[in-house]
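Colleague: Below is a structure I'd like to ask you about.
The values are calculated or read from the model by the stated rules, or taken from the named source; none is laboratory data. This is a predicted model, so every value here is computed, not measured. Every residue, glycine among them, receives a Cβ derived from its backbone with ideal geometry; neighbour counts consider all protein chains shown. SASA here: full protein model, heavy atoms, side chains in, ligands and nucleic acids out. Shrake-Rupley method; radii C 1.70, N 1.55, O 1.52, S 1.80 Å.
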Amino acid sequence: AESLMIASGVPRGQWAIGTTRLFLKAGQIAALEGLREGGDAPSPQALADAVRGLVRGRWRRVVAAMKCAAHLARLARSIRRARLRRRLRAAFIAAWFVVHKAHVAARAANRRESERLATERLAAKQRLEAERRAFAERR
């Protein structure tokens, strides 16, 4: 029906195609009946051009739909990647925080151990000095 309307030269604004029917504006039925009764059929070339144009239009819509689907797939993939990056970043920060806390605690423990050892060495040195003085006085 669409190809016949195009080939017959009926203006596009005077008709519309539904799912199962052709809808015409007022006054177009008479023009369509005049084409039918007059035996003035559209030329085979005009009909072939109309069909070719319709097929080309349908292909354009299919290609546009495929491009849209591909774009949506890429968009969904990028959204998933962004979510994964955020999760990984959060996990990395949490792991870094735990490791950093452990490192700070280990450094504090090492510092306390170093201070304890230094105090013990100083005490041992002072005891040794006191023993030397005591030995020197006894002589």
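Colleague: For a quick check, take a GNM of the chain with Cα springs below 10 Å and name the residue from Val104, Val63, Val55 with the largest mean-square fluctuation.
Modeller: Sorting by GNM fluctuation, first place goes to Val104.
Colleague: Taking +1 at the Cβ of each Lys and Arg and -1 at the Cβ of each Asp and Glu, which of Thr19, Gly38, Ala7 sits farthest along the dipole of region 1-42 towards its positive end, judged by Cα position relative to the Cα centre?
Modeller: Of the options given, the answer is Thr19.
Colleague: Summarise the accessible area of the chain (1.4 Å probe, protein heavy atoms) by the percent that is carbon and sulfur.
Modeller: 60 percent
Colleague: Taking only Cα atoms, what is the 0 to 90° angle, nearest 10, from helix 44-138's long axis to the longest principal axis of the chain?
Modeller: Here the helix axis deviates by roughly 0 degrees.
Colleague: Can you tally the net charge around Val51? Count Lys and Arg as +1, Asp and Glu as -1, for every other residue whose Cβ sits under 13 Å from the Cβ of Val51.
Modeller: With Lys, Arg at +1 and Asp, Glu at -1, the neighbours total +1.
Colleague: Something else now. How much area per residue is accessible in region 1-57 when the probe is 1.4 Å and only protein heavy atoms are counted (Å²)?
Modeller: Roughly 69 Å² per residue, with all protein chains present.
Colleague: Relative to the first principal axis of the alpha-carbon coordinates of the chain, what is the inclination of helix 28-38, with its axis defined by its Cα atoms, in degrees from 0 to 90 and to the nearest 10?
Modeller: 50 degrees
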